[in-house]
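Following: one structure in structure tokens, then a few remarks.
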Amino acid sequence: MRISRKKLNIELYKKLYLIRKAEERIQDEYSKDEMKTPMHMSMGGEAISAGVCHALGASGQAFSSYRSHGVYLAKTMETDKFFAELYGKKTGAARGKAGSMHLSMPEKGYLGASAVVGTPIPLAVGATFANVRKNNKNIVAVFFGDGAIDEGVFWESINMAALWKLPVLFVCEDNGLAIHTPPHMRHGYDSIAEVISKFKVNVLSSDSTDVEEIHNVVRRGINLIYATSRPCFLHLKYYRYLEHVGINPDFNAGYRSAKEFKKWNKRDPLLVQRQKLLKLSVPEKAISVLENKINASIERSIVSAQKAPFSSEKELFKDIFYERS
């Protein structure tokens, strides 16, 4: 059933706001040294996570890189297990064993994140192949940074997806950096999208911070997958607000400037979407009620996570493969 544009944009704003406010609370709490995991924050790229995951729908599946918060929250819209996992607690999504870089919730379609650059990409191709064999029509999206394109497994995966005509969305979250290294120091070509277009793959690009526009690009990509029996590569540019790993800005690190941040921040995803809701005649009070509800949910989740117990030592050896000597 087709929903109104106003309702679509409200739902998209909920995802954006949840991601941003959850990460802002991580920033507040992290220095207390109770969260037992490194943090790769999503700030600046929320429109990509929210737009893609909303377009996937409930039946769509996703893998992501270690920069996983945005995808997890957009796909699940839950914070209890999310925060408990960051605190390393028994009530976490993986009972405290995964942390930020290996989040997952398969029952909600989030099949997992990986800390090793590029590794979720072949997993997504495999999951898509399984869906084809099952004939269930599920779309799989895999999120990765532009640094993952420098890995051989990316090219092997996109080649096989093109060859086998798999319904997979390759979502390149291009922040223009592989940790600290810009493209001109890594790539012997000028345009990622142009190179990928040489494969039998649909290619769509955007540098928008408007979550509705991203959502529409993704819907167009999904329609192309069905119409052409080809995978789709989404080249989506954004600006990473914080350091590669950690909770702080890093404009004094010498590899980028605050001027670039200010340029992108003028079209911050939340700012753009909140202004759009007002233009769509959503009352300020209604927006505030929505925001307060999400804020309260996040606070309850943090308190619950802090009070929750850690898993026992026996948990360490559950749900893993290992050989006894």
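Within region 287-312, the set of residues being modelled with pLDDT of 95 or more and either farther than 30 Å from residue 271 by Cβ or among the small types (Gly, Ala, Ser) (or both) comprises 288, 296, 297, 301, 304, 305, 306, 307, 308, 309, 310. The residue that is nearest to residue 53 (Cα to Cα), counting only those in region 185-207 that are touching a residue at least 40 places away in the same chain (Cβ under 8 Å) and touching a Pro at 6+ places or on another chain (Cβ under 9 Å), is 201. Among all residues of region 133-140, there is at least one that is surrounded by 21 or more Cβ atoms within 10 Å (Cβ to Cβ) and at pLDDT 95 or above. Residues in region 1-37 that are touching a residue at least 12 places away in the same chain (Cβ under 8 Å) and farther than 20 Å from residue 301 by Cβ were compared, and the one that is nearest to the chain's Cα centre (by Cα) is 12. A count restricted to region 54-76 and to residues that are more than 16 Å from residue 101 (Cβ to Cβ), crowded, with 17+ Cβ neighbours inside 10 Å and in contact (Cβ under 8 Å) with a residue 40 or more places away in the chain stands at 6. Being touching a residue at least 24 places away in the same chain (Cβ under 8 Å) and farther than 30 Å from residue 313 by Cβ is a property that residue 88 lacks.
Those helices (runs of 4 or more DSSP H) of region 113-212 in which 3 or more residues are farther than 26 Å from residue 255 by Cα and of a type outside the set (A, V, I, L, M) occupy 120-134, 152-163.
Can you tell me how many residues within region 161-177 are free of Cβ contacts under 8 Å to residues at least 40 places away in the same chain and either over 20 Å from residue 139 (Cα atoms) or buried (at least 17 other Cβ atoms within 10 Å of the Cβ) (or both)? Spell out how you get there, then give the answer.
Taking region 161-177 and keeping what is free of Cβ contacts under 8 Å to residues at least 40 places away in the same chain, we get 163-164.
Then drop every residue that is not either over 20 Å from residue 139 (Cα atoms) or buried (at least 17 other Cβ atoms within 10 Å of the Cβ) (or both), which leaves none.
Count: 0.
Restricting attention to region 89-101, the residues that are touching an Asp or Glu at 6+ places or on another chain (Cβ under 9 Å) and surrounded by fewer than 21 Cβ atoms within 10 Å (Cβ to Cβ) total 6.
Restricting region 264-291 to residues that are charged (D, E, K, R) and free of Cβ contacts under 8 Å to residues at least 12 places away in the same chain, which is nearest to residue 238 (Cα to Cα)? Per the criteria, the residue is 266.
The requirement of being surrounded by 14 or more Cβ atoms within 10 Å (Cβ to Cβ) and under 21 Å from the mean Cα position of the chain (by Cα) is satisfied by residue 233.
The number of residues in region 5-63 being in contact with a strand residue (DSSP E or B) (Cβ under 8 Å, 6 or more places away or on another chain) and closer than 19 Å to residue 109 by Cα comes to 9.
Would you confirm whether any residue within region 21-40 is buried (at least 23 other Cβ atoms within 10 Å of the Cβ), of a type in the set (Lys, Arg) and closer than 26 Å to residue 208 by Cβ? Among the residues of region 21-40, not one is buried (at least 23 other Cβ atoms within 10 Å of the Cβ), of a type in the set (Lys, Arg) and closer than 26 Å to residue 208 by Cβ, which makes the answer no. Evaluate the following for residue 56: is it within 12 Å of the chain's Cα centre (by Cα) and not small (Gly, Ala, Ser)? No, not satisfied.
The values are calculated or read from the model by the stated rules, or taken from the named source; none is laboratory data. Because the structure is predicted, anything quoted here is derived from the model rather than measured. All Cβ positions, even for glycine, are placed from backbone atoms using ideal geometry, and neighbour counts span all protein chains on display.
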